[in-house]
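The values are calculated or read from the model by the stated rules, or taken from the named source; none is laboratory data. Since this is a predicted model, take the numbers as computed values, not measurements. Counting neighbours? That spans all protein chains shown, and the Cβs are built from the backbone with ideal geometry, glycine included. We work out accessible area using only protein heavy atoms, side chains counted, and drop any ligands, DNA or RNA first. Shrake-Rupley method; radii C 1.70, N 1.55, O 1.52, S 1.80 Å.
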Amino acid sequence: MISFVGRIDAPASKSSSLRAIICAILSNNKPVTINNVSLCDDVLSAITLFTSIGYKIDLSKNTLRVISFTPNKCKELYCGESGFLARIMVSLASLYSNEYTISGEKTLLSRNLDITPFCHALGYSSSSDYLPTTIKSKQLPDILDIDASQSSQLLSGLLFLLANLNQTRTINIHNLVSKPYLLLSLDYLHKAKIKYVFDEHEMKITIPGNQEYKVFELTPESDWSSMSYIIALGLLNGDIEINNIQDNKAAPDRVIVDILKEAGGNIELKANSIHVSSSKLNNINFDLTHNPDLAPILSALAISCKNQSVLTGCKRLFSKESNRLKSIIEMFKTLNVSYCLSDDDNTLTIYPTIIEGGLVETFNDHRIAMSALVLNSISKNKIDINNYQCINKSFPEFIDIYNRLGLANE
């Protein structure tokens, strides 16, 4: 067990960076500057994708500029390993062609992206729920009924599309999950001066047509999903201050602060920084339905709690970069963690466990890799991790931060 002190700058949000890039490319050939952009693999995939369509994009350190657009006849849209890119392009790509193929690589090829029922609701057709898939688009109906029970990402792509069309359309949303990410998309529409009406009671969004994206500069928020791993390191056995936070109270996964403070964590949140110190957490009880990305780190922290913890909404974990519930369970088995999974696979109970090390399979899932590294800081013996490079998908700076804190024990 290693004690450490660290001062770290907050990482930029992958989710916000991607939405900022979408607003920039939709801004009618006007130059747009994005500051504090994440340099993770998914953002680099977005740059490659939009460049292939015809956008001139310049990247210098953490500043990205979308300069101009000259259409290319590109009908295969390569999304790397980003499920968000693949899903938003299902509808957004209809701006460039009425027939297009969306492709990707690695774990994305094995994920059921639920594209077919979404396309049916739009009047589109799709060759498959898996990539590569070929989409044929048509004119959208005035009223759209969208089932968002698997992901809000397809819905986000539709929202970004509608303001570009020539008439008002209304979306009736059913069974919404990952609501904070939908709100983040709406926040970026607002930043780009796009008008909409969101009736949260009726779960209905109306967007007038013939609007223009009017944005010249954007600064994505800091990434609370990524910061959760740094916060966890501080809680387990350290003293960490995260500085230069670009905050937004609507940011997805910002709820991690409330969850861990309620569990007994020593956390002080200031205007643009957060201070975390070693704490003995009581227990963690949380519904993952709207924040599934927090599952791996909350599962890891639950191991060190005084009392049993309960995570519900685990069905949301089936189709992420891995079957994340299975990946967590396999990590538990390797580390001999005591747990109980309900018969319907929706509730995971985790019991306090002293872990002794082992070889953790990441299943090429960045969040499993980071969670295992966090647990390595309190394990009696070393935890080895296969393919830790998958962390680059969302938080490439994490390995450097981990090493600077003196936690590497090669």
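In the set ALA295, ALA271, only one residue is among the hydrophobic types (A, V, I, L, M, F, W, C), touching a helix residue (DSSP H, G or I) at 6+ places or on another chain (Cβ under 7 Å) and at negative phi; that residue is ALA295. Of the strands (runs of 3 or more DSSP E) lying entirely inside segment 29-89, those containing at least 3 residues that are over 28 Å from LYS320 (Cα atoms) and of a type outside the set (A, V, I, L, M) span 55-60, 63-69. Looking at segment 305-335 only, could you name the residues that are closer than 17 Å to LYS280 by Cβ and surrounded by fewer than 23 Cβ atoms within 10 Å (Cβ to Cβ)? Passing the criteria: CYS305, LYS306, ASN307, GLN308. Among the candidates ILE259, ILE245, ILE230, the residue that is closer than 22 Å to LEU294 by Cβ, within 22 Å of the chain's Cα centre (by Cα) and part of a loop (DSSP other than H, G, I, E, B) is uniquely ILE245.
All conditions in (1) of a type in the set (A, V, I, L, M, F, W, C); (2) over 23 Å from SER178 (Cβ atoms); (3) open to solvent by less than 40 Å² (accessible area, probe 1.4 Å) hold for PHE118, with the sole exception of (2). Among the residues of segment 126-185, those that are of a type in the set (Ser, Thr, Tyr) and either over 27 Å from LYS75 (Cα atoms) or open to solvent by 40 Å² or more (accessible area, probe 1.4 Å) (or both) comprise SER127, TYR130, THR134, SER149, THR168, THR170, SER178, TYR181. Considering segment 348-368 alone, what residues qualify as being among the acidic types (Asp, Glu) and either open to solvent by less than 10 Å² (accessible area, probe 1.4 Å) or within 19 Å of GLU105 (Cα to Cα) (or both)? Answer for segment 348-368, where residues must be among the acidic types (Asp, Glu) and either open to solvent by less than 10 Å² (accessible area, probe 1.4 Å) or within 19 Å of GLU105 (Cα to Cα) (or both): just ASP365. Of all the listed residues (ASN72, ASN35), the sole one being over 16 Å from the mean Cα position of the chain (by Cα) and closer than 25 Å to LEU140 by Cα is ASN72.
Test LEU298 against the criterion of being within 21 Å of the chain's Cα centre (by Cα), closer than 17 Å to SER228 by Cβ and not charged (D, E, K, R), and give yes or no. Considered against the rule, which asks whether it is within 21 Å of the chain's Cα centre (by Cα), closer than 17 Å to SER228 by Cβ and not charged (D, E, K, R), LEU298 comes out as yes. Filtering segment 323-330 for residues that are assigned to a loop (DSSP other than H, G, I, E, B) and closer than 20 Å to LEU233 by Cβ leaves an empty set.
Within segment 28-74, the set of residues being touching a residue at least 60 places away in the same chain (Cβ under 8 Å) and under 19 Å from SER222 (Cβ atoms) comprises THR33, ILE34, ASN35, ASN36, VAL37, SER38, LEU39, CYS40, ASP41, ASP42. Identify all residues within segment 370-410 that are under 18 Å from ILE8 (Cβ atoms), without any contact (Cβ under 8 Å) to a residue 40 or more places away in the chain and of a type in the set (D, E, K, R); write none if there are none. Once the filter is applied, which keeps residues that are under 18 Å from ILE8 (Cβ atoms), without any contact (Cβ under 8 Å) to a residue 40 or more places away in the chain and of a type in the set (D, E, K, R), segment 370-410 yields only ASP400.
Among the residues of segment 17-56, those identified as surrounded by fewer than 19 Cβ atoms within 10 Å (Cβ to Cβ) and basic (Lys, Arg) are LYS30, LYS56.
With respect to the conditions (1) surrounded by fewer than 22 Cβ atoms within 10 Å (Cβ to Cβ); (2) part of a strand (DSSP E or B), ASP345 lacks only one, and its number is (2). Scanning segment 282-304 for residues that are under 27 Å from LEU108 (Cβ atoms) and touching a Gly at 6+ places or on another chain (Cβ under 6 Å), we see that the one that is most open to solvent (accessible area, probe 1.4 Å) is ASP287. Being on the phi > 0 side of the Ramachandran plot and out of contact with any strand residue (DSSP E or B) (no Cβ under 6 Å at 6 or more places or on another chain) is a condition met by at least one residue of segment 178-193.
For LYS204, the test of being in contact (Cβ under 8 Å) with a residue 24 or more places away in the chain, out of contact with any Gly (no Cβ under 7 Å at 6 or more places or on another chain), within 17 Å of CYS23 (Cα to Cα) and open to solvent by 10 Å² or more (accessible area, probe 1.4 Å) is failed.
Condition test on ILE240, is it assigned to a strand (DSSP E or B), surrounded by 17 or more Cβ atoms within 10 Å (Cβ to Cβ) and on the phi < 0 side of the Ramachandran plot? Spelling it out, ILE240 is indeed assigned to a strand (DSSP E or B), surrounded by 17 or more Cβ atoms within 10 Å (Cβ to Cβ) and on the phi < 0 side of the Ramachandran plot.
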